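Step one of this worksheet: look at the structure below.
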Amino acid sequence: MKKAAGSHRPTRMRSKNRSGFSSDQTSDTAFRSTSISFFRIFIQCMFCIGTLIVGFRFTREAHFLRASFHHPEDSFSRRTGARMGSLVSIGNRSDLDLRIQEEIANDPEAFRLENSETIIRSRVRVDVGRHAILIRPWPHPDPFEVIQAHHLIARVQMEQWQLYGSKESKPIIAITTTFVRSFQAVHLTGLLHTLSLVPVHVTWIVMEAGGVTNETAYFLSKARVHRLLHLGFGDAMPAGLKERGQLEAHMRVEGLRYVREEKMEGIVVFADESNLHSLDFFTEAQKVDWVGALSIGLLGFAGFEETAQSRIADVHQEEVGAGRRDNLFSRRTFEPQVQGPSCDSEGNLVGWHIFDPLPLEEEVYTGIMLAQNRRLEWPNFVLNARAVWKTEGNQPEWIKSWDEWATPKDGSAPDIKAILRDDKQVKVLGDCGRKVLLWWLRAEARADSRHPANWVLDENLEIIVPAKSTPWPDRPVRVPPPPPPPAAATVGTGSKRGAGSRVSGGKGRRSKRRQSRPNIS
Amino acid sequence: MVVGFLLLLLMPSSRSATSISVVDRNVVVGEMGDMLQLRKRRRRRRGHVSLLTCVVGFLFLCQVSRLAAAAVLHRHQRISGSAGDVLEDNPVGRLKVFVYELPSKYNKDWLEKDPRCLTHMFAAEEFVHDFLLTSPVRTHNPKEADWFYTPVYTTCDLMPNGLPLPFKSPRIMRSAISYISTHWPYWNRTEGADHFFVVPHDFGACFHYQEEKAIERGVLPLLKHATLVQTFGQNHHVCLKEGSIVVPPYAPPEKMQSRFIPPNTPRSIFVYFRGLFYDVGNDPEGGYYARGARAAVWENFKDNPLFDISTQHPSTYYEDMQRAIFCLCPLGWAPWSPRLVEGVIFGCIPVIIADDIVLPFADAIPWEKIGVFVAEKDVPNLDKILSSISPEQVLEKQRLLANPAMKQAMLFSQPALPGDAFHQILNGLARKLPHDPHIYLEPGQMVLNWTEGPVGDLKPW
């Protein structure tokens, strides 16, 4: 710090020159020099005594403070070392420039020498030695700049996609089945963002069980896809899981019928809302000629933990009985649950790897895969839209016609794999099924869960009870006057909630209670 | 252009088609004299019209093909620096280099003692020697040589932790020079003006790792006239001689080239840096290391989500660089760093924070167009500066970086490939030819003072 103070002494002297007191300057300085030296000795004595009292040397701190107040050209705060904790920030760079310019305008002569000297000093060489660490007064990110940087990143990534990305850009037709329930927000939000990010044109066909509803429309309005079709399917979604699976199969066939009627071009992808897609999935799907198959990973134990644990305990009992006492969770923990095509070493399709999850109770969501029901999921397959068109002549002979596979005579749920006459013709995607681009999150709330669909509570809860955990004595609580009753009920009244009747009953009761209350206040 | 020619060829056939239809019409009209005149006029008009359509069609096709060619996305762009389009020049045939045969105590013995010299960032001196021994520019006849190379490894005296000790280097260099001046007449002929040396250490031929001491020592007096090939480059600095060739530090090419990721992996990191901000061992108070610039980067941007900066060195360092748009290359104890080479190889735009730095091969590579230069005093505004660069500029810089000639020029590849750093050094030497005739001294004329320099350097080695 002494060095810094010393280097700035010449500027201070020149500033005195500028004020014009040249004649008595010398006598002033002479007087000042003796007074300064006397002053400094006095100060040093004071510091010495202070140090003896306090117990440590604080002369450096004092010098720092003194020097910092004589540095008008500091525009940033300077931290001079790890020991100095205080940060002093003075002024703003733009103000400083303005001030310097004013001073130059006022008195150019005296300023020119000083300025040129500093300019020369800065141009000739960089100083060796200790420099200040410059920190701006608000060293935090500016949101406007962050957005600008993100625009830059997006532009760079777009350029990368154009240069190195997939050359094929067939449009994608995504068929999704949904229905209003507690977890719809969780699944549908993820899916709509994924589809919005797909770099090619996406036509999103959403089939909703129970008819078109506002809640779903609210979500879908946020999707940035090329074309959005929100279609309603008459029947409501049943509560049982097996029946749900069958209804979903019918709804998907309905979506495919729409593709068939409108003669849409592109690649049909069954984007279930509880699936997690990586964007590579859409790139990989472009490689399809007619029918493609890929692996889907299964996430979640699909149920309550204790059930799975109890199952594992059963397994453990068997293993103990057989004499193997090692890892209790060996059957469950690190086995990848992947379902899809499997190939031999040359890459030819030899079979399907169907994972058999631990069967749990019926009431919880176990997924469609039950032991006796070895079927592949619809999202395992990716179709060329032309495979379902009416012009049967264009399709290869190993693809069945629509009437053969889409409407089974016995009324059972259609299966996508039934579209194939010959399994071997399927194009296996994702490095022969080894790369998992798609994950099925088997997590659902219970069918009778009354969580609001949008995860937003617009009104108060039904019962408001004051908390009684305060240490103060009980006092009669003054309940505030109730808000005016809403004009119309905004809660959906579909049977899909499962407890719709109960809700409406509750509302009726509440309104009755409201009417009886106004006497209190 | 080809399509235009084809159309020209097709035009006569269309002309005949029109003539047939006109003849039919003439027959329908039915008057002989008028028919003849009409036919003549029509033929002339037809000739004019068809010629015009030919020319117009040709021009149109030319324009279309040119526009189409321009619209095709260029992956990389040609690089031409201040010396012209010299990055891909071939030095073979433009110069001749004579390699002195020094006793092995100057070169091979050091390697045998410590083979780490071949992998650290100063390994350029060993690889240049290796390259010149088998290069077509080498000549065994010193009389026809333009340049003379002395293979002395001054940076191979390594400490146990791997860093080179420069304390014996001046004596080693003096000893080598006295050897060549006594055994061959070519040093005394020019006092070293047509000799070149590779001195890749921190501050070049000043032979010290501390900047103040290096400035105090200055360039070794005996090397006053020689050309120095060094990694250090800073304007107006004592340790950068006029006419030196600045080269990149050595980075192992196989190690980097084996870690490429697919180019369609989106670049999602905005700014990337891994390295020290405070050198607590040598500079505990801060402000000395990197002139406070690295510490300023940390203090200003440690909580900025766009800046992926840390001291933790991950195992995916090279892969992360390929996922970043900007890579910071701030100065450390010396202004140069291998991050520049790594950034260029992995397509990450280097952000150079070192005042007055001279970058490698600065006359062949236009670094201002490729990298972003930020003054040390502007470091607190780094996020503002970087986010305000327009996307077109960023894309252009990335295109220049994608040029394979650029990546090749930064590497000391084994075996040598055309356009690599060895060739750039030779090109630089070739650009300094022909030698000024004033460098040739009269016999007996001595310019260098052999007793100049600190006393410790004068001890024989």
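The values are calculated or read from the model by the stated rules, or taken from the named source; none is laboratory data. Please read these numbers as outputs of a predicted model, since none were measured by experiment. Please note: Cβ atoms are built from the backbone with ideal geometry, for glycine as well, and neighbour counts cover all protein chains shown. Just so you know, the surface numbers come from the protein's heavy atoms only, side chains and all, with ligands and any DNA or RNA stripped out. Shrake-Rupley method; radii C 1.70, N 1.55, O 1.52, S 1.80 Å.
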>> Net charge within 12 Å of B:Pro164 by Cβ-Cβ distance, Lys/Arg positive one each and Asp/Glu negative one each, not counting B:Pro164 itself?
In response: -2
> For region A:204-250, what is one quarter of the convex hull surface built on the Cα atoms, given in nm²?
Replying inline: 3.5 nm²
>> Around A:His230, under 12 Å between beta carbons, what's the net of Lys plus Arg minus Asp minus Glu among the other residues?
In response: -1
> Which order do B:Arg116, B:Arg294 take when ranked by solvent-accessible area (1.4 Å probe, heavy atoms of all protein chains), largest first?
Replying inline: B:Arg116, B:Arg294
> How many angstrom separate the Cα center of region B:151-211 from the Cα center of region A:130-150?
Replying inline: 44 Å
> Once the Cα gyration tensor of region B:273-370 is diagonalised, what are the square roots of 5 times its eigenvalues, in whole Å and ordered largest first, as equivalent ellipsoid semi-axes?
Replying inline: 22, 18, 12
> Can you give the charge dipole size of region B:343-451 about its Cα centre, rounded to the nearest 20 debye, using +1 on the beta carbon of Lys and Arg and -1 on the beta carbon of Asp and Glu?
Replying inline: 320 debye
> Can you pull the semi-axes for chain B, root of five times each eigenvalue of the Cα gyration tensor, sorted largest first, whole Å?
Replying inline: 60, 32, 18
> So what are the ³J(HN,Hα) numbers for region B:338-352, from phi and the Karplus equation (6.51, -1.76, 1.60; θ = phi - 60°), rounded to whole Hz, Gly and Pro as x?
Replying inline: x, 5, 5, 5, 4, x, 5, 5, 9, x, 9, 5, x, 9, 9
> If we sort B:91-101, A:161-171, B:440-450 on the protection proxy, mean other Cβ atoms within 10 Å, highest first, what's the order?
Replying inline: B:91-101, A:161-171, B:440-450
> Between B:Ser104 and A:Lys424, what is the FRET efficiency for a Förster distance of 60 Å, r being their Cβ-Cβ separation, to the nearest 0.05?
Replying inline: 0.30
>> Order A:Glu215, B:Glu112, B:Glu126 by their accessible area, 1.4 angstrom probe, all chains in place, largest first.
In response: B:Glu112, A:Glu215, B:Glu126
> In terms of solvent-accessible area of protein heavy atoms at a 1.4 angstrom probe, what is the ranking of A:Thr213, B:Thr451, highest value first?
Replying inline: B:Thr451, A:Thr213
> Considering only region B:59-204, what is the antiparallel percent among its DSSP beta bridges, to the nearest 5?
Replying inline: 20 percent
> B:Tyr209: accessible area at probe 1.4 Å, nearest 10 Å²?
Replying inline: 100 Å²
> Tell me, what ³J(HN,Hα) does each residue in region A:149-159 have, in order and in whole Hz, if you take phi through Karplus 6.51 cos²θ - 1.76 cosθ + 1.60 with θ = phi - 60° and put x for Gly and Pro?
Replying inline: 5, 5, 4, 5, 4, 5, 5, 5, 5, 5, 5
> Counting Lys +1, Arg +1, Asp -1, Glu -1, what net charge surrounds A:Glu262 among other residues with beta carbon under 12 Å of its beta carbon?
Replying inline: +3
> Can you give the % of DSSP beta bridges in chain B that are antiparallel, to the nearest 5?
Replying inline: 10 percent
>> Taking a ≥ b ≥ c as the square roots of the Cα gyration tensor eigenvalues, with a/c under 1.5 meaning rounded and otherwise prolate when a/b beats b/c, else oblate, which class fits region B:327-369?
In response: oblate
> If contacts are Cα pairs under 8 angstrom and at least 6 residues apart, what is the relative contact order of chain B in percent?
Replying inline: 18 percent
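Quickly rank B:143-155, A:375-387 as a protection proxy: mean count of other C-beta atoms within 10 Å, highest first.
Values: B:143-155: 20.3, A:375-387: 22.3.
In descending order of packing, they fall as A:375-387, B:143-155.
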> Dimensions of region B:246-317 along principal axes (Cα, Å, largest first)?
Replying inline: 42, 33, 24
>> Taking each residue in B:265-273, count the Cβ atoms of any other chain within 10 Å of its Cβ, then average. What number comes out?
In response: 3
> For region B:426-440, what does the Karplus curve 6.51 cos²θ - 1.76 cosθ + 1.60, with θ = phi - 60°, yield as ³J(HN,Hα) per residue in whole Hz, taken in order and with x for Gly and Pro?
Replying inline: 5, 4, x, 5, 5, 5, 8, 7, x, 5, 5, x, 6, 6, 7
> Any idea what the dipole of region B:83-131 comes to, in debye rounded to 20, about its Cα centre with Lys/Arg Cβ at +1 and Asp/Glu Cβ at -1?
Replying inline: 200 debye
>> If I histogram all Cα-Cα distances within region B:321-418 using bins 10 Å wide from 0, what percent of pairs lands in each bin?
In response: 15, 49, 31, 5, 1
> Per residue of A:151-163, how many C-beta atoms from partner chains lie within 10 Å of its own C-beta, taken as a mean?
Replying inline: 6
> What is the magnitude of the charge dipole of chain B about its Cα centre, with +1 placed on the Cβ of each Lys and Arg, -1 on the Cβ of each Asp and Glu, and no other charges, expressed in debye to the nearest 20?
Replying inline: 2840 debye
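Compute the Rg/Rh shape ratio of region B:187-319: radius of gyration over Kirkwood radius, all on alpha-carbon atoms. Could you put the intermediate results ahead of the total?
Values: Rg = 19.6 Å, Rh = 18.2 Å.
My calculation puts Rg/Rh at 1.08.
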> Could you state the principal axis extents of the C-alpha atoms in region B:144-203, from the largest down, to the nearest angstrom?
Replying inline: 43, 19, 16
>> List the pairs from A:Lys170/A:Lys400; B:Lys143/B:Lys241; B:Lys168/B:Lys432; B:Lys213/B:Lys241; A:Lys167/A:Lys287 whose alpha-carbon separation is above 20 Å, in the order I gave them.
In response: A:Lys170/A:Lys400; B:Lys143/B:Lys241; B:Lys168/B:Lys432
> Rounded to the nearest 500 deg cm²/dmol, what is the calculated helix-only ellipticity per residue at 222 nm for chain B, with -39500 (n - 2.57) per DSSP H run of length n ≥ 4?
Replying inline: -11500 deg cm²/dmol
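If you take each beta carbon of peptide B:287-296 and count the beta carbons of other chains within 10 angstrom, what is the mean?
6
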> Dividing the Cα convex hull volume of region B:405-449 by residue count, how many Å³ per residue is that?
Replying inline: 132 Å³
>> Tell me the accessible surface of B:His237 in square angstrom (1.4 angstrom probe, heavy atoms of protein chains only), to the nearest ten.
In response: 20 Å²
